[in-house]
Amino acid sequence: MMRFSTLIKHPADWMIGGEVDNAVVLTSRIRLARNVRLLPFPGWATAEQRRMAMQEIFPVIQELRPMKDAFAQPLSGLTSVQKQVLVERHLISREHAARTEGSAAVIERRQSLSIMVNEEDHLRMQSIRPGLNLRVAYDALNELDNEIQSSLTFAYDRKLGYLTTCPTNLGTGLRASAMLHLPGLVLSDKIGQVLNAIGRMGLAVRGLYGEGTESLGNLYQISNQSTLGESETQIIERLERVIAQVAQHETNARLKMLEDDRLTLHDKIGRSYGILQHAWLIDSKEALNHLSLIRLGANMGFFPLEIARLCDNLLMEIQPAHLQLHSGRKLSPEQRDESRGQIIRSHLQNVHTPAMVFSQTKSPPLSDQPLDLDL
Amino acid sequence: MKCDFCDQKATVFLTQLIEGQMKKVCLCESCAKTKGVTDPTGFSLADMLLSGMPTSALVANAPFVPTRSGGGKKCPNCGFSVDDLNRVRRFGCSECFQAFRPEVELILRGMHQGVTHVGKVPPGFEEIHARDEKLEELRQQLEDAIVQENYEQAASLRDQIRQLELPLPTTTLP
């Protein structure tokens, strides 16, 4: 079985984009909620019933082809920092990390497929891909779902579809989401308008970090809310269409800034670069916001493109549990700020000062499509 | 006094006991009508109080701590009670959805794009479902045949039922 240290040693492909264009849409994620027929749902089951459900489900999952040499671990066998690291990597949910008795996580080697046993539902399965690739992510998970259904009988009803603990997941049990980097829309003050339009379409949008509507690092997550009355394909296609439009708006906002206000943009990116290269104490919020601008700069030609990958990796590495895992001990918030500063400085040490970029020169590939702003 | 839902003058006042607590709602004429208050059977104060909030937010905020002493109708499979369902808006097991059909319909109102599943059907489900319906039909015919002392037909029906009761190939895959 794979060890925890092996699992998290390398960032997942989806985290750093690989060959895929992730300038605006960083990742696409699909989640399916499934339950075993007749067994009480985890929230209502007694500890003993949860253990029994786990005994039935866990071996089936470990036998799945993609999970053959996966990381498979009952949560009771993980420290709280280890669980937190998995949360920061989006491999398990915060709610799942809070559970221990009779819960487990199975994570595929490349971290693109993961299954939580006894979260809110008996099974929460997840598939992640870099860029805007919801369909691909769904197909991979659907295959896994079919494979499991040859061994377990899932709770299913003709009218209500897959049955889930919470009625908000009934039907397909499908939550599709994408993580977007939208600094262009934020800097040009268009973000509110775009978020409102998304909300009106019955889709959910929230900041990835931070409370409420605040978003750190200009990172947003857009997802479907409705799971019943629409097929998986309809849900995914609608979401992909909206996300592609938002991404187009973001790209346009970036180019417009370059045309209209090149100096301001250059100034912001340059300041962020300066601060991150010389900060010795830096909290999450400040770090995320400056990294966001470095990432923007890299995607616009101010830095080499691989610096965007570096930022994506740092987004994970500077989070509290990751910092503590690396240092091998519990860190106070002040110590974390110091450690965070040190990690960022060391990574940005050899990054050259931002280049001058003009709107007519090497900016990111411009889409030829006319603007369809009808959100 | 003003209506709790808009700024008009409230003319309808409702008090209901929810979980041992007195809840009061004031409504104007038109809100009372749209909320269905005029029909006392199809109305629950809790639903109305809650419907002002997005359902998802509400569900997310409701901690799932069923009491195990909840009253009312209970699910025959897992013992989850309708009171707990109304309180935490979560279900206890797959059979709860049968046991609490009317409540499910109420909860689903306005929550999703639709109220009927149009997505994925589990592999083999249609076959199993068709078989179950056929079995039900044959068993009924068998009973009738026995009552009518038509033993020849009964024997044939019994054989058909035995044949159908064999597991489907799709369910016996490794």
Considering the range A:256-293 alone, what residues qualify as being more than 24 Å from A:GLU334 (Cβ to Cβ) and open to solvent by less than 20 Å² (accessible area, probe 1.4 Å)?
-> A:LEU258, A:LEU265, A:ILE269
Working only within the range A:150-184, note down all residues that are touching a helix residue (DSSP H, G or I) at 6+ places or on another chain (Cβ under 9 Å), assigned to a helix (DSSP H, G or I) and either surrounded by fewer than 17 Cβ atoms within 10 Å (Cβ to Cβ) or not small (Gly, Ala, Ser) (or both).
-> A:PRO167, A:THR168, A:PRO183
Yes or no: A:ILE191 over 26 Å from A:VAL60 (Cβ atoms), of a type outside the set (S, T, N, Q), open to solvent by 20 Å² or more (accessible area, probe 1.4 Å) and more than 14 Å from chain B (Cβ to nearest Cβ)?
-> yes
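Please go through the range A:152-182 and give me each residue that is more than 9 Å from every other protein chain (Cβ to nearest Cβ) and within 19 Å of B:ARG90 (Cβ to Cβ), ordered by number. Walk me through it before giving the result.
Kept after step one, since they are more than 9 Å from every other protein chain (Cβ to nearest Cβ), are these residues of the range A:152-182: A:152, A:169, A:175-182.
Hits for the range A:152-182 are A:ASN169, A:ARG175.
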Which condition does A:ALA287 not pass, out of (1) more than 14 Å from every other protein chain (Cβ to nearest Cβ); (2) in contact with a Leu (Cβ under 7 Å, 6 or more places away or on another chain), if it passes all the others?
-> (2)
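Out of A:ILE235, A:ILE243, A:ILE222, report the one residue that is open to solvent by less than 40 Å² (accessible area, probe 1.4 Å), within 14 Å of chain B (Cβ to nearest Cβ), in contact (Cβ under 8 Å) with a residue 12 or more places away in the chain and of a type in the set (A, V, I, L, M). Spell out how you get there, then give the answer.
Working: A:ILE243 fails: within 14 Å of chain B (Cβ to nearest Cβ); A:ILE222 fails: within 14 Å of chain B (Cβ to nearest Cβ).
Of the residues listed, the single one that is open to solvent by less than 40 Å² (accessible area, probe 1.4 Å), within 14 Å of chain B (Cβ to nearest Cβ), in contact (Cβ under 8 Å) with a residue 12 or more places away in the chain and of a type in the set (A, V, I, L, M) is A:ILE235.
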In the set A:ARG109, A:ARG124, A:ARG129, which member is within 15 Å of A:ILE61 (Cα to Cα) and in a strand (DSSP E or B)?
-> A:ARG124
Which of the residues belonging to the range B:104-133 are open to solvent by less than 70 Å² (accessible area, probe 1.4 Å), facing another protein chain (nearest Cβ under 10 Å) and not in a loop (DSSP other than H, G, I, E, B)?
-> B:VAL104, B:ILE107, B:LEU108, B:PHE125, B:ILE128, B:HIS129
Would you please list the contacts, defined by Cβ atoms under 6 Å and residues six or more apart or on different chains, that run from a residue in the range A:70-91 that is modelled with pLDDT of 90 or more to a residue that is of a type in the set (Phe, Trp, Tyr)?
-> A:GLN82/A:PHE4
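The values are calculated or read from the model by the stated rules, or taken from the named source; none is laboratory data. What you see is a predicted model, and the numbers here were worked out from it, not measured in a lab. In this analysis, Cβ positions are derived from the backbone assuming ideal geometry, glycine residues included, and neighbour counts consider all displayed protein chains. Heads up: the accessible areas ignore ligands, DNA and RNA and are worked out on the full protein's heavy atoms, side chains in. Shrake-Rupley method; radii C 1.70, N 1.55, O 1.52, S 1.80 Å.
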